[in-house]
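Just below is one structure, and these are the notes that go with it.
Just so you know, all these numbers are worked out from the coordinates, no wet-lab data involved. All values reported here derive from a predicted model rather than from experimental measurement. With ideal geometry, Cβ positions are generated from the backbone for all residues, glycine too; neighbour counts draw on all protein chains shown.
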Amino acid sequence: MPCWEIIESSVEFLPNTTDVTLLKPALESLGLEVKVYAGGLNLRKGSWAGYYESKTGKLELPASLNINEVKRQYSKHVVIATARKQGWSLSWSTNDQGNEAARVVKRRF
């Protein structure tokens, strides 16, 4: 893959496949209190309460939170975890649309 190539992908919170260890910090970065339980995550923000259920993939969010922002934060945590696992370096910037973009530097052998 050329170094200038940009890879885009979609994010879905699917039953039994979403990594709650990455979804938890993504939701926390959006100001939610998150507690892990055997079936998923309990969410709280002020007087609002919601959840993520691992078995069904259902995510209940406060109306003030946009699902696309959750997907962006989850994607960011997936990129960070993958880079850490592969030993890659990341540098973050903001593109013209105001979204964060990561530049990945792969290690050379």
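Points to keep in mind about this one:
- Mean-square fluctuations from a GNM of the chain, with a 10 angstrom spring cutoff on Cα atoms, peak among ARG84, ARG44, ARG72 at ARG84.
- Put a plus charge on the Cβ of each Lys and Arg, a minus charge on the Cβ of each Asp and Glu, and nothing anywhere else: the dipole of the range 20-105 about its Cα centre is then about 260 debye.
- Note on VAL104 and ASN42: their simple-model spin labels are 3.6 nm apart, each label 7 Å out from Cα toward Cβ.
- Cα-Cα P(r), the range 22-61, percent of pairs per 10 Å interval: 34, 59, 7
- Take the Cα of TRP92, step 7 Å toward its Cβ, do the same at ASN16, and the gap between the two points is 3.3 nm.
- Distance between modelled label sites at LYS55 and ALA83, nm, 7 Å Cα→Cβ extension: 3.7 nm
- 3J(HN,Hα) couplings calculated from phi for the range 61-78 with the Karplus curve 6.51 cos²θ - 1.76 cosθ + 1.60 (θ = phi - 60°) are, in sequence order, 10, x, 4, 6, 10, 8, 4, 5, 5, 4, 4, 4, 5, 4, 4, 4, 5, 5 Hz; Gly and Pro show x.
- Residue of LYS24, LYS45, LYS71 that the Gaussian network model of the chain assigns the largest fluctuation, springs spanning Cα pairs under 10 Å: LYS45
- Under 5 Å, built H, 5+ apart or other chain: amide partners of THR18: none
- Three-way shape label, the chain, alpha-carbon gyration tensor, a/c 1.5: prolate
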